[in-house]
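The values are calculated or read from the model by the stated rules, or taken from the named source; none is laboratory data. As the structure is a computational prediction, the values presented were derived from the model and not from experiment. No Cβ is skipped: glycine too gets one built from the backbone with ideal geometry, and neighbour counts run over all protein chains shown.
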Amino acid sequence: MRGLTRRHLLGALPPLALPLAAAASPGAYPDRPVVLVAPFSAGGAADIAARTLAAHAPRHLPNPAATIVVENRTGASGAIGTLHVARARPDGYTLLLARIASAAILPATDPRTPYAWDGFTMLGLLDENPYVVAVRADAPWRTLQELLATLRDHPGVVNFATTGPATILDLGVRHLFATAGLPIDAGIAIPFRGGGEAVAALLGGQVDFIGNNLSDTIGAIAGGQLRALVVSTRERLPSLPGVPTAKEAGVEALTQISGWNALFGPPGLPEPVIAAWTGALAGLAGDSAWLEATRRVGSLPRLLGPAETREFVANQVALYRELARRLGLG
């Protein structure tokens with residue numbers, strides 16, 4: 001897998017709007033393009049998940065010739081794109097690739113967030129993204145404990161990439177600091193617009209390390225440009241057999257941190273649209289092409305229905321509200 005890059009991963013995705021031969025009844029939903037808003041920049045975890053969904057979901061909709069167009073609306077830790085969908089017409093033609101940062105962390109930690117975490121029609125959870133801490137392959141730190149030792153001995157010198165104070169890139173790193181007994185400002189946060197940009201900055205030497213979704217970093221790790229120091233899963237991943245788990249690395253509390261992707265719509269989506277997407281996501285559970293594409297970019301498929309997704313997000317909001325309280329944030 002050496003030499004595998006994010007560009008290769010993106011290039012491996014099937015093209016959008018693939019012509020399909022299956023027939024649809026006249027007027028079957030959707031009968032015009034659906035806009036799927038990804039609230040972070042191109043090349044990041046949200047963008048890749050959105051394009052993977054757009055490539056594979058149409059064949060499971062009532063109209064299998066449907067077109068799904070991914071639109072990146074970035075800014076404010078994902079709030080701009082998320083708010084756009086919250087205010088969209090509830091007709092099923094504007095949907096949201098919901099991310100942990102904008103859909104859970106932001107409303108849990110910032111009272112100024114212009115929407116409520118539960119102010120959407122939740123259609124389903126798609127997958128979870130393990131959290132990894134990584135450095136460049138030529139960095140002096142071979143283990144997580146070596147990196148933490150430098151942060152402890154030289155506070156305020158080492159920097160890391162973030163996508164905003166209410167995102168998993170930032171909160172995950174600060175949670176790591178607190179878990180290791182370091183001040184939450186032990187490293188200098190350097191902001192970027194999305195996870196893909198943050199990874200590019202690490203590769204380019206603009207930052208020293210990153211805490212990020214595996215789906216953002218898997219290409220550079222597999223290609224040998226980045227060295228993963230820890231993964232937040234409870235067991236070692238088959239794709240990263242040499243990378244210790246959080247418990248093995250001495251920071252078991254990091255297992256609380258993982259990213260995820262879900263599909264939301266504006267509040268008040270009509271029942272036929274909800275039923276169409278519930279059926280489509282159920283179809284993806286047995287779709288080997290979507291499952292393979294999702295795993296290929298470092299995510300773990302986890303399809304949940306609307307009610308289960310609402311419960312999952314509620315628990316995530318509670319988790320990050322408590323984390324922010326313990327870390328003295330907000």
Restricting the search to the stretch 63-78, which residues are in contact with a Leu (Cβ under 6 Å, 6 or more places away or on another chain) and either at pLDDT below 95 or charged (D, E, K, R) (or both)? 77
With respect to residue 278, determine if the residue is at pLDDT 95 or above and not assigned by TED's automatic domain parsing to the domain that holds residue 218. yes
How many of the residues in the stretch 158-175 are modelled with pLDDT under 95, hydrophobic (A, V, I, L, M, F, W, C) and either in the same structural domain as residue 105 (by TED's automatic domain parsing) or closer than 19 Å to residue 229 by Cβ (or both)? 3
Just to be sure, is residue 249 assigned by TED's automatic domain parsing to the domain that holds residue 29 and either in contact with a Gly (Cβ under 8 Å, 6 or more places away or on another chain) or not in a helix (DSSP H, G or I) (or both)? no
Of the candidates 164, 172, the one satisfying the condition of being surrounded by 21 or more Cβ atoms within 10 Å (Cβ to Cβ) and either over 27 Å from residue 241 (Cβ atoms) or in contact with a helix residue (DSSP H, G or I) (Cβ under 7 Å, 6 or more places away or on another chain) (or both) is 164
Give 98, 103, 88 a once-over and let me know the one that is more than 19 Å from the chain's Cα centre (by Cα) and modelled with pLDDT of 95 or more. 88
